[in-house]
Amino acid sequence: MNLLADLWHILWSVETLTGTIRLSIPLLLAALGGVFSERSGVVNIALEGIMLNAAFATVLATHALTHPAVGEVPGGPFADPDLLVFGMWSGVAAGMAAGVLTALIHAVVTVTAKADQIVSGVGVNLLAIGSTQFLCFKFFGSTSNSPTIPAIRPWDLGDFGQSFLGQVLFGYSPLVYLAFGVLALAHVVLFRTTFGLRLQAVGEHPRAADTLGVSVGRMRYAGVLLSGALAGLGGAYLTSDVAQFTQNMTAGRGYIALAAMILGKWTPGGALGACLLFAFAQKFQFALRGAPSPLLQSIPSQFTDMIPYLLTILVLAGLVGRARAPAALGKPYEASEA
Amino acid sequence: MRGITKVFPRVVANRDVDLSVEPGEIHALIGENGAGKSTLMKILYGLQAPDAGTVRLFGAPLHPHTPAAAIRAGLGMVHQHFMLLPPLTVAENVVLGQEPARLGVFLDRDRAEAELLALSERYRLSVDPRARVESLSVGQEQRVEILKVLYRGARVLILDEPTAVLTPPEVEELYAILRALKAEGKTVLFISHKLAEVMAVTDRVTVMRRGEVAGRVNTRDTSREELARLMVGRPVLFAVEKPPARPGAIALRVQGLSALGHRELPAVRDVSFDALAGEILGIAGVEGNGQTELIEVLTGLREATAGSVELAGQEILRPGRFRKTLRARPNDLLRLGMGHVPEDRHKRGLVLDYSVADNLVLGRHRLREFNGFLLRRGGALLAHARERIASFDIRPPDPHVPARALSGGNQQKIVVARELARDPRVLLACQPTRGVDIGAIESIHRRLIEERERGKSILLVSAELSEILSLADRIAVMYGGRIVGTLDRIDANEERLGQLMTGGAH
Amino acid sequence: MSRTLGRQALALAGCLVVGTLGRGLVRLVDALAGSPLGPGTVGALSLVAGFAVALAAVRACVRTGRYALSEPFSAGLAIGVGFPGLLAVRAVAAAAASATWLTWLGWPAALGIGVALGLGCVAAPEFVLTRLLAPVCAVGCAALVGMICLALMGYDPVAAAHEVVHGAQQGKWGLRDDLGYILYNATPLLLTGLAVASAFRTGLFNIGGRGQILVSCLACAWVGAFPGLPGFLHLPLAVGSGVLAGAAWGAIPGLLKAWRGAHEVIITIMMNFVAAALTGYFCTYPLKESASSLIPQTAPISESLHVPRLAELLKRADIEFPGYVQANVSLLVALLLAGAVYVFLWHTRWGYELRAVGLNPSAAEYGGIRVPRAIAMAMALSGALSGACCLDFICGQKYRYMHDDAMAYSENGFLGIAVALLGQNHPAGVVAAAFFFAFLVRLGGLVEFHTHVPKDLVLVLQAVIILFLIVGNEVFRRLAERYRASLVRSGRSVPATGGSAAGADPAPASAAAPGGGGA
């Protein structure tokens, strides 16, 4: 019973709950990006690279804009708080822009040149790893990490902010609330707007869409670029969490996001569920390290690491639930073929 | 449309085609498979650009040459293969591309459904706007397609082979719909290769043959025979000279065979027949009545749910490993002698990027004569290819050329040459002359009769009645997955077969 | 016959003219090099111009239909491709003014490239167009990007090249040292490139090289550490179990694809992460060398399993070679495997079946080939080839499984995709591409050593090659289609691509949509 009590305690600790939310946000944003891209019929393995480039761009822009405010001492007193806030949010915007630019490469290669979407994604990811390290060296003099940047902080709510409810509900960076806003918006855009209908049409049956005058290329560009903006936001969030850029800092999150999107059956709501599940598995593992019971402590972290991947494999193999991908996913559209 | 020319790699699909359609008429565009009808319609609809010529709609040139412009000009197309999105609802499918919106961005489902209901009442096309398309029958899907076109305010409707997938009652309903459309002042362009339909429902007919216009007539002033003559370009079906059949023992016995088809629906229902050595058994029927699935079961490409198939007295259907289904094994077929000329040579019959020599052994590539202990015997493969190429006059006579580079007729000759090289007891020939030039047709027909004379049993599946009537000794007609009648050639004529093929004999 | 001869003579003459022209142009470049632009910039600009001319020439030929006449076309192509090639080699040669071997090599090499391409254009225009042009252009573009990156870092690209080449010849071992590292890097690239290419020929995309390498290395190290087995038995047993583990890891996605329709790309990606976690677990807990150690690594394998390094072999042939270079016998094994894969795919009945499945699964099924089994087999074969890396990594380099090093080494599984792409999924091409990428990696190291440009530049170049390659493949495929159409229009018959059953095989259509688990 002691064991169960320990587990219960860990489960409901502020640490686990808030940690789960924090860890899920970058996954969620990237997975939403994946939903838009894949609903339009373009496989987006490039999510990983998009996030990485966005993370670097965020750090670069924030550093450049807040540097005078911070002064020469990192983390020193800020001369101008307004300038600081402006710099941090500009960094987020820069991250999204970098995400869109990276996605643009993927779109040009896969939609315009109609090349293989998976290979393109692999190429973009490789490019992101190389270019971020290269540029990190160019601007910060080290390939492995950047100087720290100021992070966007949660709102100050006084005593209420320290209470259980306060921490669980309001203890996050404003980016977290932005992410949930984006989630709702994504659902509405996908299922309640004409744009969403056309996007789905292009991913299901591009020829049908084409014959009705919907431009397949334009919709797919929209899907891929939107995914760039969303995954870019996810990348920006990553840097605001650790307050610096480190080499290959996405560490496979793009792929986990892809897995979450599949597990969530290509819907925003489903993606949220899957991201929360994956984030919880990860956070729970951390929490177990500090558990009082030695049995709980001894569970190797590698097993919880595997959960997202194993679940995705099982789902794709049809052993757990059934996932139905957009019918034209991965197929370049040839307008002139019969 | 004036002077339309369209060239594809290796084919001239349309050569200097003129087509004009008057407002308010039902105009048929007919021609055999590969006559260029579909290409012409794609050009008209803006899906493909012509290499020469102009398209004018209600006097105005189509510009830019896109489907969007064609839709704006009042053109609507119901494609042969439906352009529907199965997971979406009927209403969503209909409004896609011209959605009613609230605040400019939000899809207004209520208005979409209301407009759809109004349309469907006006033209008596009843459908449930909220149903998902994946749950509809084929006839209902076609109605959705017509509604899509009407929703866009089309004044001219193009229907590409609309009856190919319909049951006879659905065809009758379609006729009623077409007449209702005409009464509302719409123009209908009706593409078909079935003469009975053309005679039944159209006002004027344009006949295409090998990419060119072969004639234009008023339906009232013409006859089936005249249209057939225009389509085929010969006064009558060319008669193949053949001695009377000398049927022998039973080569293939099919009993109580059933199988599922597309969408897991029954496609073959309790089919039984015997094919005798030394005769050609024709299987006639409108396409999509179970012939394809029947042949796939016989060749081990599809599982049967019940029944038995005996080839040379031996049962070839064996229970599957996991499911309660029956399947023929390729090894048994090879050993007992079954050859198969598939209906779609590009999809099934050939690996287009393989050389002619490699294609000539597909299915027999494991045989001793072509393989050493580890390596394939290149010399034997080439010798075999050279012999086949010479015997079937395949051109160019080069075993190294990829099959892709050959003309349709020569590709089909590869398939026939390969299947006859098996020296099969039973040959299943499916649409053996589809999309093949006249010279190759004659050579393939001659081959089939020669094989019959050598005591082979040939199962000829063809959608072309003319081909069945000129080759077959007995004719079985399939309708709705069943064999609805078997006739001796002497008792068969087009009318009698036509009745059976449309289920009229029930 | 005489007509063909005449054409070839014409092409040869064209190449000579081009060569002379090229020399003049290079002179011009040299003269311009004195201008304020600097030699590097001029070289880069000439490269851009050369590629632009090449593309414009090919496009114009196709547009006007003149492409159908292969003589002017091939001349145009020779100019287009030979010219930038010439310039590139010349630029390197100029940079290596003191490196005599490069100077005398530069000219004939450039001419050779031009002549070979010109002849190729006449003999097999489609082969050049669909198979050769894209890799050449992609590498050219990567060179350009590399130069731009160097310039971004404030270096004159040519000057940097000069320094690198100059520096490479110093030290005790000089160029042999570089050669050694290239051979060392090439081994895993070759194996993983073969793995990706062989799966691709069956229409499958094996992204799972990483996971396959990891499990195979762990299995090999585990079996290799069994005590008391005789050496002649132990080595094949250990390597065999590694290869089997790789094959099994590859076969899982293959089986899931064959029988459940799960898309192999996503599955193999997920399997990579599972393998990383699983091997991490094994070498941290059950197979850890000693409980007190903090490093996740297994016990060392027995000495009888150490395979000889190339230096040891060369010493027997009285060739001095740096002994610290870890290139070993497994390179020769990998080369043999490349030959074996070629023979298997193109000259055995099983290869015939696998390629048929890749090109047209429906026709393969019709031909009595069991498609699901072929898919599972192909993935297992691919996994086995990746798994063969354990011979190099465990028996040739580390002599035990070290998790962090193995994770870094398994990156080769990803790079294998680039190698297979650049090699156009043909074993011969894969061999060339593997050495090229290995050269690139070494070059990156040298550049980092001599300038202050991080070697991550190489990753960028590899990515650029991948992206330009797939775009180039599509572009040139379309051009080839129009070329065929232009032949039809001009009333000439379609030329046979010649009897090369091997090289002229087009790539199989890419497999169906990923994530199509339940569709």
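The values are calculated or read from the model by the stated rules, or taken from the named source; none is laboratory data. Remember, it's a predicted structure, so these values are computed and weren't measured experimentally. Cβ: placed from backbone, ideal geometry, glycine included. Neighbour counts: every protein chain shown. Side chains are part of the model used for accessible areas, which takes the heavy atoms of the whole protein and leaves out ligands, DNA and RNA. Shrake-Rupley method; radii C 1.70, N 1.55, O 1.52, S 1.80 Å.
Here are the numbers for the structure shown:
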| item | result |
| --- | --- |
| Residue among B:L381, B:L375 that alone is touching a Pro at 6+ places or on another chain (Cβ under 9 Å), surrounded by fewer than 23 Cβ atoms within 10 Å (Cβ to Cβ) and farther than 17 Å from B:L281 by Cβ | B:L381 |
| Residues located in region B:296-308, provided they are away from every other protein chain (no Cβ under 13 Å) and open to solvent by less than 20 Å² (accessible area, probe 1.4 Å) | B:V297, B:A304 |
| Index of the failed condition, C:K288 passing every other in (1) under 23 Å from C:D404 (Cβ atoms); (2) touching a strand residue (DSSP E or B) at 6+ places or on another chain (Cβ under 8 Å); (3) in contact (Cβ under 8 Å) with a residue 60 or more places away in the chain | (3) |
| Unmet criterion (only one of (1) open to solvent by 10 Å² or more (accessible area, probe 1.4 Å); (2) within 14 Å of chain C (Cβ to nearest Cβ)) for B:A403 | (1) |
| Filter result for A:A279 (open to solvent by less than 20 Å² (accessible area, probe 1.4 Å) and within 30 Å of A:N2 (Cβ to Cβ)) | yes |
| Per-region count, region B:35-61, residues open to solvent by 20 Å² or more (accessible area, probe 1.4 Å) and part of a loop (DSSP other than H, G, I, E, B) | 6 |
| Enumeration of residues in region A:244-270 that are at the interface with chain C (Cβ under 10 Å from one of its Cβ atoms), outside any helix (DSSP H, G or I) and hydrophobic (A, V, I, L, M, F, W, C) | A:W266 |
| Filtered residue count, region B:446-466, keeping only those that are under 30 Å from B:G211 (Cα atoms) and open to solvent by less than 10 Å² (accessible area, probe 1.4 Å) | 4 |
| Those residues of region B:90-104 which are more than 7 Å from every other protein chain (Cβ to nearest Cβ) and open to solvent by 20 Å² or more (accessible area, probe 1.4 Å), in sequence order | B:Q98, B:R102, B:L103, B:G104 |
| Unique residue being charged (D, E, K, R) and out of contact with any helix residue (DSSP H, G or I) (no Cβ under 8 Å at 6 or more places or on another chain) when the list is C:E312, C:E353 | C:E312 |
| Qualifying residue in region B:348-356 (condition: on the phi > 0 side of the Ramachandran plot and facing chain C (nearest Cβ under 7 Å)) | no |
| Top-ranked residue of region C:426-452 - restricted to ones that are more than 20 Å from C:G140 (Cβ to Cβ) and within 12 Å of chain A (Cβ to nearest Cβ), ranked as surrounded by the fewest Cβ atoms within 10 Å (Cβ to Cβ) | C:H452 |
| The one condition in (1) farther than 27 Å from C:F344 by Cα; (2) of a type outside the set (V, I, T); (3) away from chain A (no Cβ under 13 Å) that C:L457 fails to fulfil | (3) |
| Verdict on B:G153 being away from chain A (no Cβ under 14 Å), open to solvent by 20 Å² or more (accessible area, probe 1.4 Å) and part of a loop (DSSP other than H, G, I, E, B) | no |
| Check on C:E289, more than 14 Å from chain A (Cβ to nearest Cβ) and not in a helix (DSSP H, G or I) | yes |
| Candidates C:A245, C:A275, C:A327 - the one that is in contact (Cβ under 8 Å) with a residue 12 or more places away in the chain, away from chain A (no Cβ under 14 Å) and within 15 Å of C:R210 (Cβ to Cβ) | C:A245 |
| Output for region B:252-279, where each listed residue is touching a residue at least 12 places away in the same chain (Cβ under 8 Å) and on the phi > 0 side of the Ramachandran plot | B:G256, B:D270, B:G278 |
| Options B:A114, B:A131; residue that is farther than 28 Å from B:G185 by Cβ, open to solvent by 10 Å² or more (accessible area, probe 1.4 Å) and assigned by TED's automatic domain parsing to the domain that holds B:A180 | B:A131 |
| Which listed residue, of A:L47, A:L101, A:L60, A:L83, is at pLDDT 90 or above and surrounded by fewer than 22 Cβ atoms within 10 Å (Cβ to Cβ) | A:L101 |
| Residue check for B:L311: over 27 Å from the mean Cα position of the chain (by Cα), buried (at least 22 other Cβ atoms within 10 Å of the Cβ) and assigned by TED's automatic domain parsing to the domain that holds B:R447 | yes |
| From the options B:P162, B:P169, B:P129, B:P86, residue that is more than 26 Å from B:Y45 (Cα to Cα) and assigned to a loop (DSSP other than H, G, I, E, B) | B:P129 |
| Region A:318-338 - residue that is under 18 Å from A:A257 (Cα atoms) and modelled with pLDDT of 70 or more and, of those, farthest from the other protein chains (Cβ to nearest Cβ) | A:P326 |
| Scan of region A:111-128 for residues that are at the interface with chain C (Cβ under 9 Å from one of its Cβ atoms) and assigned to a helix (DSSP H, G or I), ordered by number | A:T112, A:Q117, A:I118, A:V119, A:S120, A:V122, A:G123, A:V124, A:N125, A:L126, A:L127, A:A128 |
| Boolean, B:G76 is without any contact (Cβ under 8 Å) to a residue 40 or more places away in the chain, at the interface with chain A (Cβ under 10 Å from one of its Cβ atoms) and either within 18 Å of B:L157 (Cα to Cα) or surrounded by fewer than 21 Cβ atoms within 10 Å (Cβ to Cβ) (or both) | no |
| Filter result (touching a helix residue (DSSP H, G or I) at 6+ places or on another chain (Cβ under 6 Å) and either outside the structural domain of C:I295 (by TED's automatic domain parsing) or hydroxyl-bearing (S, T, Y) (or both)) within region C:394-421 | C:Y401, C:Y409, C:S410 |
| The listed residue being more than 7 Å from every other protein chain (Cβ to nearest Cβ) and crowded, with 24+ Cβ neighbours inside 10 Å, out of A:G196, A:G223, A:G217 | A:G223 |
| Candidates C:P188, C:P253 - the one that is within 13 Å of chain A (Cβ to nearest Cβ), open to solvent by less than 10 Å² (accessible area, probe 1.4 Å) and not basic (K, R) | C:P253 |
